[in-house]
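Below is one structure; the comments refer to it alone.
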Amino acid sequence: MKIRILYFISLLAFIGCDDFLDETPETFQTPQGFFETEDQLNEAVAGIYNTNRGLMNGAHWRFGENRSDNTSFQFNPSDRGGLANEEVDEFLMLSANPNLGTYWGTSYSGISRCNFALENLDNVEFLNEDKRDIRRGEILFLRSWFYFNLAQLFGDVPYVTSAGDSPDEIFTDQFLARVPVAQVYNNILEDVQQAIDFLPGTGETETGRATKGAATMLKAKIHMVLQEFDEARLLLEDMQGFGYSLQSSYASIFNPNNKNNSESVFEIQYSFALGQASNFVSRFVPFNSGNDILGTSGPAGSRAGQNQPTQDLIDLYDPQDERFTHNISFYDDGVTIEPWMSKFDFGFVDIGLQNVNFPMFRYADALLMLAECYNEAGGGNPVSIIEQLRNRAGLPDPSLTASELADMDQTIADERRRELAFENHRWFDLVRTGRAVDVMTAHGVDQKAEKVTVSPDAYTNIRTLLGIPLGQVEEFGFEQTPGWE
């Protein structure tokens, strides 16, 4: 996707809605002529949420989970059309891989929508001026989120804050230069602090919208990436006063009858009733399972079997851990036994359609980050946090062993992996803690021993930064990330 498209076509095709989630395509609008009413501004903001939903449901899990040691894919010799996806998992990507273009394009589409909405926000008359600030906070939160992920994955990226009024304005150095990643982080820290100041608390806005808690958690995540543990700790301790709490059982967190519960900080919203159902399970079941798992929603497609749990992740769990029994299931066709990611399997409300939300931020993640801050910089006890989560998971003895106490860095990393599996955290955790190359090199050795289908070249070039999509480099002259072609 070209920047030209992002800033003049897909940017401006905003969506209308009667309900916050109820979105339908609108006709093309110009930057100068679109916003006249508060309703139109609200439609634009809903469009930004919609772009984020597309990113989380699509390319994000490939880079957050599939690129890590948590998941791989079920090799299907009869359908080799998904090779580009397999290259993500095995570190065989070139910059022409379409998954790179999808992630880049979707993210900048969201950013352009944010910029357009911000530039028009003060031109709209609001019946309640507080709503203007709330919308500003939502937009800044979402733009910061898009940039945060781009910075983690690509490093130096174009940092654009203007929607642009003409092609001449768009094709300037602002849009075509890669900004140093340190400056990107500084910029989004400022923006997300404004979001914290503007956004309401949990329960004070429409369900599914960003809140002060979500923005606070995002700012803490940025400080964690920057290794600023004291700053992150203060924010995460603040969150303990925001009314969040752990659910009594692990499975109940994700149950569609318990959406946006007390552990939810920010969820990607799906609603079958509004024509926006989710379909996570259908792509993750084994491709050879036919109708056995999907029932009338089957048969499983030939390119299912994605995000398949690795043996290494399976072995990390205690068999009595409820997180294991909920997150991972096994399909036996009489010949092979295939593990699959069943975390979001709560059945179907119609053929192929679910009513399950996706957790982007939840309180257990905040607590585990706080444990990491305590371990790195002091100020509290990380052990009690880990044992609290293990107790919730139903382990007979949640206590840490002597070896776990002796290596708290590894203990916290393992607990994050068990608790947050398949929620798109693992790759980012590996990079943030400087362990990605070592862990993934060892993972590659394991994969080659377990699978005869793995290429000899797989896992031999573990790069922690992605390359700029080839189309962007060729058309706009971006400097390519070192080591990419």
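The values are calculated or read from the model by the stated rules, or taken from the named source; none is laboratory data. Please read these numbers as outputs of a predicted model, since none were measured by experiment. Every residue, glycine among them, receives a Cβ derived from its backbone with ideal geometry; neighbour counts consider all protein chains shown. Accessible surface areas use protein heavy atoms only, side chains included; no ligands, DNA or RNA. Shrake-Rupley method; radii C 1.70, N 1.55, O 1.52, S 1.80 Å.
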Take segment 402-445 and flag every residue that is surrounded by 17 or more Cβ atoms within 10 Å (Cβ to Cβ) and charged (D, E, K, R). Glu415, Arg416, Arg417, Arg418, Glu419, Glu423, Arg426, Asp429, Arg432
With Phe428, Phe422 as the choices, which residue is within 29 Å of Asn149 (Cα to Cα) and part of a helix (DSSP H, G or I)? Phe428
Looking only at residues in segment 120-144 that are more than 19 Å from Glu190 (Cβ to Cβ) and basic (Lys, Arg), which one is most open to solvent (accessible area, probe 1.4 Å)? Lys131
Going by the conditions given, is Val431 of a type in the set (A, V, I, L, M) and more than 20 Å from the chain's Cα centre (by Cα)? no
Residues in segment 195-243 that are modelled with pLDDT under 95 and of a type in the set (D, E, K, R) total 2
Just checking, which of Asn279, Asn260 is of a type outside the set (Val, Ile, Thr) and modelled with pLDDT of 95 or more? Asn260
Out of the residues in segment 74-114 meeting the condition of being over 18 Å from the mean Cα position of the chain (by Cα) and hydroxyl-bearing (Ser, Thr, Tyr), tell me which one is surrounded by the most Cβ atoms within 10 Å (Cβ to Cβ). Ser112
If I ask for residues that are within 13 Å of Asn76 (Cβ to Cβ) and open to solvent by less than 40 Å² (accessible area, probe 1.4 Å), which ones from segment 286-300 would you list? Pro286, Ser289, Ala300
Across segment 223-272, what is the total count of residues that are more than 21 Å from Pro382 (Cα to Cα) and either free of Cβ contacts under 8 Å to residues at least 40 places away in the same chain or touching a Cys at 6+ places or on another chain (Cβ under 8 Å) (or both)? 4
Taking the stated definitions as given, is Ala151 crowded, with 17+ Cβ neighbours inside 10 Å, under 27 Å from the mean Cα position of the chain (by Cα), modelled with pLDDT of 95 or more and within 28 Å of Arg209 (Cα to Cα)? yes
Taking segment 440-485, which residues are touching a residue at least 60 places away in the same chain (Cβ under 8 Å), part of a helix (DSSP H, G or I) and closer than 29 Å to Val179 by Cα? Met440, Leu470, Gly471, Gln472, Val473, Glu475, Phe476
How many residues does segment 47-58 contain that are out of contact with any strand residue (DSSP E or B) (no Cβ under 9 Å at 6 or more places or on another chain) and open to solvent by 10 Å² or more (accessible area, probe 1.4 Å)? 3
Residue that is nearest to Gln354 (Cα to Cα) [pool: residues in segment 251-270 that are of a type in the set (Ser, Thr, Tyr) and over 19 Å from the mean Cα position of the chain (by Cα)]: Ser252
